[in-house]
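Down below is the structure, laid out as structure tokens.
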Amino acid sequence: MVKRSEKLAFIKVRQGDEDVYMRMKDFTELSVSANPKEYTRKYIDEEMERSAVVAYQPTISYKFDYDSQSAVHDVFLNVSEKELVGEDTVCTICIVDLSREAEEGYYAVTRDFYIIPDSEGNDPDTYTYSGNLKAGSKKVFGYATSDDEWQTMTFVA
């Protein structure tokens, strides 16, 4: 059985002059939905309908407890507070599967997503933000390594 804690999410964050994949901490929800688009038809000589998947529109629903010291949370906060649109809402997310070794590290998949904020502040105990990440590119498969116990990581396609 694979534990949820073995699938780590990272987001690419600008740190000075370089991009760094930082671990997405304090998230209480990161749930993936495939959202397949189906083509369904009924042939006159058959009793059943046939369906085939013709496309996908993956989304990841997110919710996190806001930490004012988190550069990761600031990516989401920036989109929400400034009401950014279009390409200004794009982020790169990488999911690392620590249950699957690959090449010199662990199996990883990265993809661009659009941040679609939904709500904030609806928890009485802590300030939360929630919304969806909608796929904006194809998946890139590779592997990930880390030198700091998975606080940051390096992705190789």
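The values are calculated or read from the model by the stated rules, or taken from the named source; none is laboratory data. Please read these numbers as outputs of a predicted model, since none were measured by experiment. Neighbour counts run over all protein chains shown; Cβ positions are idealised from the backbone, glycine included. These accessible areas exclude ligands, DNA and RNA; they are computed on the full protein's heavy atoms, side chains included. Shrake-Rupley method; radii C 1.70, N 1.55, O 1.52, S 1.80 Å.
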Checklist outcome for this item: In order over the range 122-137: 3J(HN,Hα) from phi, Karplus 6.51/-1.76/1.60, θ = phi - 60°, whole Hz, x for each Gly or Pro, gives 9, 10, x, 9, 8, 7, 10, 10, 8, x, 9, 10, 10, 3, x, 7
Item to check | Cleavage-rule hits, chymotrypsin sites (Phe, Trp or Tyr not before Pro), the range 1-69, DSSP coil, Cβ neighbours within 10 Å at most 16 | outcome: Y43
Checklist entry - Which value, in debye to the nearest 20, gives the size of the charge dipole of the chain about its Cα centre, when Lys and Arg are +1 and Asp and Glu are -1 at the Cβ? => result 560
Item to check | lysines with Cα under 30 Å of K12, excluding same-chain neighbours fewer than 8 positions away | outcome: K3, K25, K37, K63, K82, K134, K138, K139
Item to check | Residues whose placed amide H lies under 5 Å from that of A102, excluding near-sequence neighbours | outcome: Y107
Checklist entry - Just the accessible area for L30, please: 1.4 Å probe, Å², rounded to the nearest 10? => result 40
Next on the checklist: Quick query: amide H of D123 versus all other amide H atoms, modeled in the peptide plane; which residues come in under 5 Å with a sequence gap of 5 or more or a different chain?
Outcome noted: T128
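Go ahead and estimate [θ] at 222 nm for the chain from helices alone: -39,500 (n - 2.57) per DSSP H run with n ≥ 4, summed, over the residue count, rounded to 500.
On the way: 1 runs with 12 residues, N = 157.
My calculation for the chain gives -2500 deg cm²/dmol from helical runs alone.
Using a 1.4 angstrom probe on the protein heavy atoms only, line up M22, M153 by accessible area, largest first.
Details: M22 45, M153 15 Å².
Of M22, M153, the descending order of accessible area is M22, M153.
Report relative contact order for the chain in percent, whole number only (criteria: Cα-Cα under 8 Å, sequence separation at least 6). Don't skip to the answer; put the middle values down first.
On the way: 327 pairs, mean separation 37.5, N = 157.
24 percent.
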Checklist entry - Per residue, what volume in Å³ does the Cα convex hull of the chain take up? => result 185
Item to check | Principal-axis tilt of helix 71-82 within the chain, Cα atoms, nearest 10 degrees | outcome: 70
Checklist entry - Cα centroid distance between the range 33-95 and the range 1-32, in Å? => result 16
Item to check | HN-Hα J in Hz across the range 16-31 - Karplus 6.51, -1.76, 1.60, θ = phi - 60°, x for Gly and Pro | outcome: x, 9, 9, 8, 10, 7, 10, 5, 8, 9, 6, 8, 9, 8, 8, 10
Checklist outcome for this item: Projecting the Cα atoms of F113, C94, S137 onto the charge dipole of the range 74-157, where Lys and Arg contribute +1 and Asp and Glu -1 at Cβ, the residue farthest towards the positive end is S137
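Are there any trypsin sites (Lys or Arg not before Pro) in the range 7-112 that are in a DSSP loop and have at most 15 other Cβ atoms within 10 Å? List them by number. Write down the numbers at each step before the final one.
On the way: sites: K7, K12, R14, R23, K25, K37, R41, K42, R50, K63, K82, R100, R111; in loops: K25.
Listed in order of number, the matching sites are K25.
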